[in-house]
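Throughout, read-outs are computed from the coordinates displayed, never taken from laboratory work. Just so you know, these numbers come straight off a predicted model, no measurement behind them. FYI the Cβ positions are ideal-geometry reconstructions off the backbone, even for glycines, and counts take in every protein chain you see.
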Amino acid sequence: MSAQLPPLTIILASPRGFCAGVDRAIHVVERSLELYGAPVYVRHEIVHNRFVVDSLKEKGAVFVDELDEVPDGRPVVFSAHGVPKTVPAEAERRRLVYVDATCPLVTKVHREAELHHEMGRQIIMIGHAGHPEVIGTLGQVPAGEIILVEDERQAEQVTVRDPSQLAFITQTTLSVDEAAAVITVLRRRFPDIVGPRKEDICYATTNRQAAVKAMAAGCDALMVIGAPNSSNSRRLVEVAIRAGCSRSVLVQRAADVDWSKLADVRRLGITAGASAPELLVSDVIAAARQRFDVTVEEVKVTDETIAFKLPPQLIGEAAAQLFDE
């Protein structure tokens, strides 16, 4: 049967899919459900992937927009994207048990913002307006102390109060190249601007974009598996297009693939955003095998070995004490 099918070589990007921060956040919810029983409330999507959110719902997680939807006496988890300081403050005021699943690399940016503010520096944040990570970072310092800049045009136009007391930070899931272009503008306009000691764009974003760059030009089409509200997934599509594969698309899962548009494709690149589980990649490949005689190749740019520990309150005796307090 396979001999009658048209040939298709699938180029798999590596690394792809879950990063350490996403893996940790999911385990935070699962461990909280084990400790406290259902329901465990989660403020906002724990990560930007509908498949992940739905699977956690089936286990007893309840996703809400704000803390006023969390009943007294039930635990609440904060998403991997981070939250403004007002959120844990409100949880403490209500004496809610809360677990912060913020990615440690996002927390690093939060601490940078706090330090710059303590040193009297105004802060420019490079990021996307309205994204939960940006909202959380803006909320680490008093209102107005961080100016959000989204692109080179805004970087050319931004006005600051004192160019000699200025710093920049970035959202962790930006396009590496686009962020670099904005930083170049800021450094040209404000030579004294202080940047992070180690770049804020996270290792997973950087690695996944590098893998896409390495494979894009050799693909007839490229598919990024991820959610439409996932910043890192959307950036992967943009990176692929700029790297030479104009037929690059974002799909959530195999059921969403329009195979009719891929009938003439012989080399299909596949990657997955940092919040997309590998199961979704496997499903797409399985669906392709029903329509093509598939050969799979992998393009690997690096190995990832990073792992983040769970919050201490979910481990050992501390976990047992937490809910009794």
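A few points about this structure:
- Charge-dipole axis of the stretch 187-317 as Lys and Arg at +1 and Asp and Glu at -1 on Cβ define it, positive-most pick from 262, 243, 232: 243
- Using distinct alpha-carbon pairs, which all enter the 1/r mean, Kirkwood radius of the stretch 20-103 in Å: 12.4
- The charge dipole of the stretch 20-103, taken about its Cα centre with unit charges on the Cβ of Lys, Arg, Asp and Glu (plus for the first two, minus for the last two), comes to roughly 160 debye.
- Here the sum of -39500 (n - 2.57) over DSSP H runs of 4 or more residues, divided by the residues of the chain, equals -11500 deg cm²/dmol at 222 nm, to the nearest 500.
- Ignoring lysines fewer than eight residues from residue 198 along the same chain, the ones with Cα atoms less than 26 angstrom from its Cα are 85, 108, 213, 300, 309.
- Within the chain, helices built from complete DSSP H runs that reach 15 Å or longer along their own axis (Cα positions) and carry a mean Kyte-Doolittle hydropathy of 1.0 or higher are 278-289.
- Each label point was placed 7 Å from the Cα along the Cα-to-Cβ direction; for residue 199 and residue 298 their separation is 2.5 nm.
- Placing unit charges on each Cβ (+1 for Lys and Arg, -1 for Asp and Glu) gives the chain a dipole about its Cα centre, and among 77, 104, 276 the Cα reaching farthest toward its positive end belongs to 276.
- Descending Cα extents along the principal axes, the chain, whole Å: 66, 54, 31
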